Amino acid sequence: MVSEYSIPPALLDLPYPEPEPPTDLIFDDGVPLESNRHRIAMNALIRSMLVAYADRNDYFAGGNMFVYYSRDQKMNRDFRGSDFFVALNVDGNRERQGWVVWEEGGHYPDVIVEFLSPTTEVQDRGVKKDLYERTFKLPNYFIYDPFKPDSLQGWQLDVNRGYQPLTPNERGWLWCEVLGLWLGTWEGVIDREPSVGSCHWLRFYDPQGNLVPLPEEVAQQQAETAQQQAEAAQQQAELERQRAERLAEHLRQLGIDPDLV
């Protein structure tokens, strides 16, 4: 046995080296999403953040990505990561295959949404919820089943009492304090899903209750506005032409050549 008296005194004050971070992180487990609707639902929230936070570059929004939170951890194959998450006050320009907490200065996600399915609901309500509450200290956590319009639930972290359920407003929306946005359902079609009829998507709404559009919806609105402006200009030009013709006819009746006026 080596005693402390056999160790040079100068070495006793040296800090213990931190363990090397794992280099075999997995970023794709090859497991497909539950459905096409689940994939679109995730992407819709990610894309809408581009509009909601258009003037910011200090956030990252991701989906269907692993979240590594311990240097000593070998990723549990049963933990696939988060369906949708947002981390604030981080470098929004970094390329990321996943969210690696120790590469983000110890920063965990700030908001997570899990989209329920028959194979994940128990885990999303149990193991993951406990992990987000106790380890991540996640401020806001939401769950929603894309096939069940009334399934939206959410929690806000209380440092003393843990997760407290959020109370929906009169529209059934839940307030996400961290993002300063409402989460609620919207009925319609996104990316041709569903192919027939419509369904209820989880969407963001601003504090005034206005739907946060997707980038393609913004482009469509701009195109429609430009079209309306063009039609209005055309109508105005036609009114001006008719007015000029009436004035010219009036001058001719007075014996005045309008081309000489």
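Per residue, how big is the convex hull around the C-alpha atoms of segment 181-236? Give it to me in cubic angstrom, could you?
108 Å³
Can you give me the orientation-averaged projected area of the convex hull built on the Cα atoms of segment 139-188, in nm²? All intermediate terms of the calculation are to be shown ahead of the outcome.
On the way: hull surface 15.2 nm².
Computed as one quarter of the Cα hull surface, the answer is 3.8 nm².
Summing +1 for each Lys or Arg and -1 for each Asp or Glu, what net charge is found among the other residues whose Cβ lies under 11 Å from the Cβ of His200?
Once positives and negatives cancel, what remains is 0.
Report Rg(Cα)/(2.2 N^0.38 Å) for segment 101-154, keeping two decimals. Kindly include the intermediate steps, with their values, before the conclusion.
Details: Rg = 12.3 Å, N = 54, 2.2 N^0.38 = 10.0 Å.
Here the answer is 1.23, to two decimals.
For Gln164, what is the net charge nearby, where nearby means another residue's Cβ is under 11 Å from its Cβ and Lys, Arg count +1, Asp, Glu -1?
-1
Provide Ser48, Ser117, Ser198 in ascending order of the number of other Cβ atoms located within 10 Å of each residue's Cβ, fewest first. Kindly include the intermediate steps, with their values, before the conclusion.
Working: Ser48 23, Ser117 17, Ser198 12.
Lowest to highest Cβ neighbour count: Ser198, Ser117, Ser48.
For Ile112, Ile40, which order do you get if you count the other beta carbons within 10 Å of each Cβ and list the fewest first?
With the sparsest Cβ surroundings first, the list reads Ile40, Ile112.
Tell me, Kirkwood radius of segment 90-206 from alpha-carbon pair distances, in Å?
Hydrodynamic radius (Kirkwood, Cα pairs) of segment 90-206 is 15.7 Å.
Regarding segment 134-261, what is the average projected area of its C-alpha convex hull, in nm²? Walk me through the numbers before you get to the answer.
On the way: hull surface 59.6 nm².
With the hull built on Cα positions only, its mean projection is 14.9 nm².
Return the whole-Å distance between the Cα centroid of segment 97-175 and the Cα centroid of segment 195-249.
That distance is 38 Å.
Taken together, the values in this text are just the output of simple stated rules run on the coordinates, not laboratory data. Keep in mind the model is a prediction, meaning the values are calculated, not measured. Here the Cβ is made from the backbone with ideal geometry for all residues, glycine too, and neighbour counts use every protein chain on show.
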